[in-house]
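Here's the structure, in structure tokens; my notes come after.
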Amino acid sequence: MVPQMTGPTSAARYAGTRVHRVEDARLLTGYGTFVDDITRPGMLHACFVRSPFPRARIDGVHATEALALDGVHAVFTAADINPEVHELWYSIMGKDIPDTPRPLLAEGEARFVGDPVAIVVAGSRYVAEDAAELVEVDYEPLEPVVDYRSARDASELVHEGYEKNVAGRLRGGNKDLMAEVGPSAAHVVSETIHQQAYVACPMETRGIVAEWSGGEMTIWAGTQAPHEVRAVCSRVLGLPEHRIRVIMRDTGGGFGQKVAPLREDLCVMVAARKVPAALKWIEDRRENLMAAGQARHEHGTASMAFAEDGTILAANIVHTQDVGAYPTPWPVGTAAAVGMIFPGPYRVPQAAWATTSMFSNTAGRIAYRGPWQFETVARELLLDIAARRMDIDPVELRRRNFLAADDLPYAMATGMPLDHISPREVFEHALELLDHDAFREEQAAAREQGRYLGVGTSSYVEPTTSAMGAFGTEGATIRVEPTGKVNVYVAGGSTGNSLETTAVQLTADALGVAIEDVNTIQGDTAVTPFGLGTGGSRSGSMIAGAVGTTARTLRERIIAIAAHKLEAAVEDIELADGRATVRGTPTAGLSIAEIAHTAYFDAASLPPDIEPGLEASGRYRAEAMSIWANATHVCTCEVDVTTGMVTILRYIVSEDCGPMINPNVVEGQIDGGTVQGIGGALYEHLAYDEDGNPIAATFVDYLMPTIAEVPVIEHGHIETPGPGPGGYKGVGEGGAIGAPPAVINAVADALSPFGVTITDLPVTPASIVALLDEVRAS
Amino acid sequence: MADVEVEIRVNGQPRRASVEPRRTLADFLREQCGLTGTHLGCEHGVCGACTVLVDGDAVRSCLVFAVQAEGAEVTTIEGIGAPDELSPVQAAFRDHHGLQCGFCTPGFVVSVTAFLRDHPNPTDDEIRDGLSGNLCRCTGYQGILAAVRAAAAGAQATTG
């Protein structure tokens with residue numbers, strides 16, 4: 001049942017209901033405004049010349065022939081662009097970190113296939129692409145460092161000054177932990193788990209339009225964080241922030257890829273100051289898969305020691321990740337999260353971790369939905385492997401170790417402070433939705449018939465809504481206009497995550513007005529308060545805080561005006577359904593429209609202590625360092641042991657993201673993330689060949705799930721309020737974190753009669769057949 | 001190569017233009033006609049975001065040259081419904097959260113419109129098969145499947 005947005009306004013209470021999205025009408029009819037829909041007078045088009053070599057010395061760039069082509073305006077190389085950079089750092093990491101190199105255009109050396117070497121500017125994209133092919137680059141191919149796993153021993157360096165190709169290392173806890181705990185433990189299980197590179201792959205590629213005019217820069221961007229685009233543009237160009245305006249309306253998915261403006265975006269900003277009109281760059285899909293960054297490529301040796309009864313005694317992970325040639329932002333710090341969250345939702349008395357970030361001559365590592373999710377992959381795969389070795393059902397092993405309500409608050413052995421979570425509850429709820437016992441019977445019966453079914457679970461805890469640095473605050477401006485209609489302004493950065501609907505729902509509730517009387521303006525740095533946009537599953541809680549803080553001020557003023565006009569005490573005024581009424585005498589009242597009219601058109605009638613007008617700006621400060629969300633994913637599947645084909649039978653997610661602002665939006669976020677995770681487990685692989693050539697640079701080779709592959713996803717909701725406004729928690733990333741190990745564990749469970757251990761992702765038909773051949777041969 | 005005169009009926013209106021022979025129908029619609037609802041997600045015919053109807057058939061407009069559509073009747077997303085007058089398929093997508101970022105959505109709506117015309121009472125397998133040529137990265141297809149089922153049921157109820 002989907003409640004209608006345009007029903008009667010009595011008992012208006014929108015948070016928690018499945019209201020229609022305000023974004024939908026324009027997006028369904030082709031009237032959205034994506035960055036490629038922007039046209040400016042005399043607009044020019046950019047195309048990048050990219051390195052075809054994974055590593056090559058650049059001895060010269062020759063543009064004569066390209067410049068001679070009709071319609072070509074300019075060809076810029078590193079010598080034109082790179083010296084213009086004043087400073088380059090990203091707000092999430094700050095400027096005081098040992099950041100890795102990030103030249104806008106390749107200078108002297110190209111470091112991956114797709115590395116931008118020159119930017120061509122022409123009157124149309126067709127001509128720009130023609131001209132890019134005419135730019136001659138003198139390359140001297142060099143031996144590349146292709147595989148991060150052997151990069152430490154490579155004779156070549158990706159970047160001078162980074163010995164053994166190590167970008168950085170961090171560790172925590174007792175490095176001899178397993179050596180000390182292991183000998184006295186009943187069981188020690190240790191496996192090295194490998195995850196392939198897979199990526200955000202939003203349906204809209206990257207894009208930007210930059211227009212330099214009269215000392216001001218206006219940028220239209222596909223972005224998750226318009227204020228971060230402005231901030232980075234200001235730093236790079238040395239321009240004051242208030243001379244830069246960044247505008248975004250609709251952005252076609254981001255998933256982390258569109259948080260930080262990347263090298264090409266910055267290059268367009270610099271080039272825009274050298275050409276006479278707006279400059280547009282729209283990435284094509286091949287570029288997106290080749291040069292918009294990589295993610296997930298990592299491995300780790302995960303170890304756990306157990307007591308005889310399966311109680312976890314200690315956990316350790318030694319993790320290494322591929323950061324490619326030009327990671328953005330600095331990748332070393334974020335990798336620490338893999339180690340710090342590795343203990344997960346379990347009682348783990350002792351834990352230690354180490355992480356190493358390795359350069360390679362491949363695309364640079366960037367953020368992707370739950371960037372630290374390898375902790376869940378490694379832990380949940382290891383627990384299933386351990387359970388089988390200890391001859392305990394994986395479900396039972398987890399039951400013996402989950403944190404219970406009585407344990408909270410709980411400090412992980414790595415120092416992470418957990419609270420307001422429900423690991424046992426979501427786990428049992430998910431198993432109940434499945435009927436786990438019945439599935440085990442069905443599985444046994446199927447095996448009798450030579451069919452192999454399996455069930456896998458995956459449980460995690462996830463820090464959302466970080467209060468780190470500039471993430472810790474979000475502002476809102478609310479204007480009740482003279483007619484009583486409401487505009488709410490927040491930073492935005494919505495990329496499908498429904499921030500417009502969220503802001504409208506929350507504002508309507510906060511002011512007690514009808515939802516159709518509220519409009520929102522987002523994604524324009526000239527008119528909205530500063531905010532760092534979509535990232536880290538922060539928007540729900542932070543927008544709730546910003547709207548709540550601001551609306552409180554406005555409510556007070558509305559009530560004060562109403563009390564004055566109605567000659568009643570402030571305490572006796574009730575605000576609901578778009579009216580201020582006097583308690584006990586509901587006939588005595590004023591509509592918001594009448595109050596707004598007074599506030600703007602009849603300010604002289606207001607008492608001197610009441611500010612005229614009805615607008616307010618407020619700023620919320622996060623109440624906790626992070627808000628923990630948790631979930632359990634359960635997957636069942638059938639594996640064809642001849643062909644290796646995996647068919648997912650049921651997929652259940654039971655999650656605790658606190659109360660839901662809009663269940664449709666919550667479930668949509670879970671479903672989208674989950675299917676990305678299923679893609680990562682079974683299909684997607686941003687592969688390179690052994691010479692460093694990308695071999696999945698089209699949608700023919702990079703296999704995203706289609707509607708034909710995905711199961712129906714069933715939802716369970718447990719609501720433990722978090723420490724923040726409304727008790728809301730983040731939910732944007734969790735699906736992508738929880739899904740891969742649930743799927744892999746289901747496949748491994750199906751194949752358990754064969755004694756197969758799965759440690760390499762993705763699990764493809766070929767890899768399953770190879771694993772089965774291997775065990776049959778031995 | 002010299003430009004070529006084309007005349008294409010787009011959403012019922014005749015559109016004449018002089019185009020390069022290599023200009024895709026998608027770029028013709030977006031740039032010559034200003035119909036930016038047709039989106040380009042891959043430009044190699046896999047993702048389906050650029051799907052339009054050409055003489056009633058769902059076609060990937062990134063793989064067709066404008067000159068190939070000479071004389072044809074093209075329907076884009078803008079010709080299916082309007083923001084204040086959604087088609088039954090568009091309304092079903094809204095009702096079932098069948099879209100998030102909205103980038104793939106025009107291609108889906110056009111594909112589903114053609115699919116339901118040809119398969120008015122589809123099974124789930126037929127829906128999955130019929131829409132396997134359109135990629136979505138946001139929804140996990142859950143709301144899309146529900147929307148197509150609902151749009152089919154609604155049409156059956158209306159005509160039934």
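The values are calculated or read from the model by the stated rules, or taken from the named source; none is laboratory data. Please read these numbers as outputs of a predicted model, since none were measured by experiment. No Cβ is skipped: glycine too gets one built from the backbone with ideal geometry, and neighbour counts run over all protein chains shown. Ligands, DNA and RNA are stripped out before the accessible areas are found, and what is left, the full protein with its side chains, is counted by its heavy atoms. Shrake-Rupley method; radii C 1.70, N 1.55, O 1.52, S 1.80 Å.
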Checklist entry - Since B:THR75 meets every condition but one in (1) closer than 21 Å to A:VAL127 by Cα; (2) buried (at least 16 other Cβ atoms within 10 Å of the Cβ), which condition does it not meet? => result (1)
Item to check | the stretch A:633-654, residues that are open to solvent by less than 10 Å² (accessible area, probe 1.4 Å) and either more than 10 Å from every other protein chain (Cβ to nearest Cβ) or farther than 23 Å from A:GLU425 by Cβ (or both) | outcome: A:HIS633, A:VAL634, A:CYS635, A:THR636, A:CYS637, A:VAL639, A:GLY644, A:ILE652, A:VAL653, A:SER654
Checklist entry - Right, A:GLY310: open to solvent by less than 10 Å² (accessible area, probe 1.4 Å), part of a loop (DSSP other than H, G, I, E, B) and over 30 Å from A:LEU44 (Cα atoms) or not? => result yes
Checklist entry - In this structure, does B:SER61 turn out to be touching a Gly at 6+ places or on another chain (Cβ under 6 Å) and in contact (Cβ under 8 Å) with a residue 24 or more places away in the chain? => result no
Checklist entry - Just checking, which of B:HIS39, B:HIS44 is within 14 Å of chain A (Cβ to nearest Cβ) and either open to solvent by 10 Å² or more (accessible area, probe 1.4 Å) or aromatic (Phe, Trp, Tyr) (or both)? => result B:HIS44
Checklist entry - Can you find even one residue in the stretch A:63-71 that is out of contact with any helix residue (DSSP H, G or I) (no Cβ under 7 Å at 6 or more places or on another chain), within 14 Å of another protein chain (Cβ to nearest Cβ) and at pLDDT 95 or above? => result yes
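Results for (1) more than 9 Å from chain A (Cβ to nearest Cβ); (2) under 14 Å from A:GLY496 (Cβ atoms); (3) open to solvent by 10 Å² or more (accessible area, probe 1.4 Å), shown as yes or no for each residue.
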| residue | (1), (2), (3) |
| --- | --- |
| B:THR105 | no, yes, no |
| B:VAL109 | no, no, no |
| B:THR113 | yes, no, yes |
| B:HIS119 | yes, no, yes |
| B:ILE127 | no, no, no |
| B:LEU131 | no, no, no |
| B:ASN134 | no, no, no |
| B:CYS138 | no, yes, no |
Next on the checklist: Anything in the stretch A:201-221 that is assigned to a loop (DSSP other than H, G, I, E, B) and crowded, with 22+ Cβ neighbours inside 10 Å? List them, or say none.
Outcome noted: A:CYS201, A:PRO202, A:MET203, A:GLU204, A:THR205, A:ARG206
Checklist entry - Is it true that some residue in the stretch A:242-255 is more than 14 Å from every other protein chain (Cβ to nearest Cβ), open to solvent by less than 10 Å² (accessible area, probe 1.4 Å), in contact with a strand residue (DSSP E or B) (Cβ under 7 Å, 6 or more places away or on another chain) and not hydrophobic (A, V, I, L, M, F, W, C)? => result no
Checklist entry - How many residues, within the stretch A:503-545, are part of a loop (DSSP other than H, G, I, E, B), more than 14 Å from chain B (Cβ to nearest Cβ) and not aromatic (Phe, Trp, Tyr)? => result 15
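Here is a yes/no grid of residues against (1) more than 30 Å from A:GLU241 (Cα to Cα); (2) not acidic (Asp, Glu):
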{"position": "A:TRP89", "(1), (2)": "no, yes"}
{"position": "A:ARG102", "(1), (2)": "no, yes"}
{"position": "A:ALA118", "(1), (2)": "no, yes"}
{"position": "A:ALA131", "(1), (2)": "yes, yes"}
{"position": "A:GLU136", "(1), (2)": "yes, no"}
{"position": "A:PRO141", "(1), (2)": "yes, yes"}
{"position": "A:VAL146", "(1), (2)": "yes, yes"}
{"position": "A:ARG152", "(1), (2)": "yes, yes"}
Checklist entry - When B:VAL52 is evaluated against the numbered criteria (1) buried (at least 24 other Cβ atoms within 10 Å of the Cβ); (2) outside any strand (DSSP E or B); (3) touching a strand residue (DSSP E or B) at 6+ places or on another chain (Cβ under 9 Å), which criterion, by number, is the only one it fails? => result (2)
Checklist entry - Quick one: in the stretch B:1-34, which of the residues that are in a strand (DSSP E or B) and among the polar types (S, T, N, Q) is nearest to the other protein chains (Cβ to nearest Cβ)? => result B:THR24
Next on the checklist: Considering only the stretch A:700-719, I want to know if a residue exists there that is within 21 Å of the chain's Cα centre (by Cα) and hydroxyl-bearing (Ser, Thr, Tyr).
Outcome noted: yes
Item to check | Enumeration of residues in the stretch A:682-705 that are within 14 Å of chain B (Cβ to nearest Cβ) and closer than 23 Å to A:VAL146 by Cβ | outcome: A:TYR683, A:GLU684, A:ALA696, A:ALA697, A:THR698, A:VAL700, A:ASP701, A:TYR702, A:LEU703
Checklist entry - Inside the stretch A:577-640, counting only strands (runs of 3 or more DSSP E) that do not spill past its ends, which hold 2 or more residues that are under 30 Å from A:ALA750 (Cβ atoms)? => result A:627-639
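Here is a yes/no grid of residues against (1) among the basic types (Lys, Arg); (2) at pLDDT below 95; (3) closer than 28 Å to A:PHE112 by Cβ; (4) in contact with a Cys (Cβ under 7 Å, 6 or more places away or on another chain):
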position: A:GLY238; (1), (2), (3), (4): no, no, no, no
position: A:ILE247; (1), (2), (3), (4): no, no, no, no
position: A:GLN257; (1), (2), (3), (4): no, no, yes, no
position: A:VAL268; (1), (2), (3), (4): no, no, yes, no
position: A:LYS274; (1), (2), (3), (4): yes, no, yes, no
position: A:LYS280; (1), (2), (3), (4): yes, no, yes, no
position: A:ARG285; (1), (2), (3), (4): yes, no, yes, yes
position: A:SER303; (1), (2), (3), (4): no, no, no, no
position: A:GLY324; (1), (2), (3), (4): no, no, yes, no
Next on the checklist: Suppose the filter is outside the structural domain of B:ARG60 (by TED's automatic domain parsing) and assigned to a loop (DSSP other than H, G, I, E, B); does B:PHE93 pass it?
Outcome noted: no
Item to check | Residue tally, condition of a type outside the set (Gly, Ala, Ser) and either open to solvent by 20 Å² or more (accessible area, probe 1.4 Å) or modelled with pLDDT under 95 (or both), over the stretch A:468-488 | outcome: 9
Next on the checklist: Checking A:GLU500 against (1) without any contact (Cβ under 8 Å) to a residue 12 or more places away in the chain; (2) assigned to a helix (DSSP H, G or I); (3) among the acidic types (Asp, Glu): exactly one of these is not met. Which one?
Outcome noted: (1)
Checklist entry - Does at least one position in the stretch A:255-276 carry a residue that is on the phi > 0 side of the Ramachandran plot and either in a loop (DSSP other than H, G, I, E, B) or of a type in the set (Asp, Glu) (or both)? => result yes
Checklist entry - Across the stretch A:706-730, what is the total count of residues that are within 13 Å of another protein chain (Cβ to nearest Cβ) and either part of a loop (DSSP other than H, G, I, E, B) or among the polar types (S, T, N, Q) (or both)? => result 7
Checklist entry - Based on what the data block shows, is A:GLY454 open to solvent by 40 Å² or more (accessible area, probe 1.4 Å) and in the same structural domain as A:GLY734 (by TED's automatic domain parsing)? => result no
Next on the checklist: With the requirement that a residue be closer than 18 Å to B:PHE93 by Cα, at pLDDT below 95 and crowded, with 16+ Cβ neighbours inside 10 Å, what does the stretch A:1-42 give you?
Outcome noted: A:MET5
Next on the checklist: For the stretch B:87-103, check the following and say yes or no: at least one residue is away from every other protein chain (no Cβ under 11 Å) and either among the aromatic types (Phe, Trp, Tyr) or surrounded by fewer than 21 Cβ atoms within 10 Å (Cβ to Cβ) (or both).
Outcome noted: yes
Checklist entry - Can you name every residue in the stretch A:731-748 that is in a loop (DSSP other than H, G, I, E, B) and not small (Gly, Ala, Ser)? => result A:VAL731, A:GLU733
